[in-house]
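Novice: Let me give you the structure first, and then I'll get to my questions.
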Amino acid sequence: QVQLVESGGGLVQAGGSLSLSCAASGRTFSNYVMGWFRQGPGKEREFVAVISRSGDSTYYTDSVKGRFTISRDNAKNTVYLQMNSLKPEDTAVYYCAATPVTYARMRTYNSEYLYDYWGQGTQVTVSS
């Protein structure tokens with residue numbers, strides 16, 4: 001079991017950058033594939049990015065490719081989301097999530113139903 005706490009959200013101007021962190025408690029953080037999701041006001045939760053247990057593999061939704069980077073530091077029990085060239089459309093509550101399930105293709109992890117543990121979320125607002 002893991003407990004997840006996001007931080008780093010805030011208000012940023014379009015074109016700017018923001019870095020999110022997700023700190024995990026527990027002794028088996030490296031056993032989990034970690035993902036980032038987001039949910040805008042009145043919208044459904046949307047997949048953003050995922051990273052493998054070792055950090056060797058990543059996958060991103062098309063709308064953030066080339067702008068966002070997911071990474072992790074297993075020694076610190078932390079997963080990160082570096083967001084560059086932010087757009088107003090990126091405004092949302094961002095959640096980190098964890099799953100122990102293993103799949104051959106990273107794109108399979110775009111389903112929120114695969115994740116067992118979720119953080120409380122951190123607000124990201126991009127002004128135009």
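The values are calculated or read from the model by the stated rules, or taken from the named source; none is laboratory data. Because the structure is a prediction, the values reported are computed rather than measured. Cβ coordinates were reconstructed from backbone atoms using ideal geometry, including for glycine residues, and neighbour counts include every protein chain displayed. Side chains are part of the model used for accessible areas, which takes the heavy atoms of the whole protein and leaves out ligands, DNA and RNA. Shrake-Rupley method; radii C 1.70, N 1.55, O 1.52, S 1.80 Å.
Novice: Looking at segment 33-46 only, could you name the residues that are open to solvent by less than 20 Å² (accessible area, probe 1.4 Å), part of a strand (DSSP E or B) and either within 18 Å of ALA104 (Cβ to Cβ) or of a type outside the set (Lys, Arg) (or both)?
Specialist: Of everything in segment 33-46, those that are open to solvent by less than 20 Å² (accessible area, probe 1.4 Å), part of a strand (DSSP E or B) and either within 18 Å of ALA104 (Cβ to Cβ) or of a type outside the set (Lys, Arg) (or both) turn out to be VAL33, MET34, GLY35, TRP36, PHE37.
Novice: Kindly evaluate VAL64 against the criterion of being within 25 Å of THR28 (Cβ to Cβ) and surrounded by 15 or more Cβ atoms within 10 Å (Cβ to Cβ).
Specialist: no
Novice: Criterion first (in contact with a Ser or Thr (Cβ under 7 Å, 6 or more places away or on another chain), open to solvent by less than 50 Å² (accessible area, probe 1.4 Å) and modelled with pLDDT of 95 or more) does TYR80 satisfy it?
Specialist: Spelling it out, it is not the case that TYR80 is in contact with a Ser or Thr (Cβ under 7 Å, 6 or more places away or on another chain), open to solvent by less than 50 Å² (accessible area, probe 1.4 Å) and modelled with pLDDT of 95 or more.
Novice: Out of the residues in segment 7-32 that are crowded, with 16+ Cβ neighbours inside 10 Å and over 11 Å from the mean Cα position of the chain (by Cα), which is farthest from ASN74 (Cα to Cα)?
Specialist: Once the filter is applied, the top-ranked residue is VAL12.
Novice: So, one more: State whether one or more residues within segment 105-118 are closer than 17 Å to SER19 by Cα and surrounded by 14 or more Cβ atoms within 10 Å (Cβ to Cβ).
Specialist: no
Novice: Also, I was wondering about something else. Among THR99, THR69, which is open to solvent by less than 50 Å² (accessible area, probe 1.4 Å) and touching a residue at least 12 places away in the same chain (Cβ under 8 Å)?
Specialist: Among THR99, THR69, only THR99 is open to solvent by less than 50 Å² (accessible area, probe 1.4 Å) and touching a residue at least 12 places away in the same chain (Cβ under 8 Å).
Novice: Quick test of your reading of the structure: TYR94 fulfils all but one of (1) within 20 Å of SER127 (Cα to Cα); (2) open to solvent by 10 Å² or more (accessible area, probe 1.4 Å). Name the failing condition by number.
Specialist: It fails just one condition, (2).
Novice: To continue, here is another question. Specify which of the listed residues (ARG27, ARG107) is farther than 30 Å from SER128 by Cα and touching a residue at least 24 places away in the same chain (Cβ under 8 Å).
Specialist: Being farther than 30 Å from SER128 by Cα and touching a residue at least 24 places away in the same chain (Cβ under 8 Å) holds for just one of ARG27, ARG107, which is ARG107.
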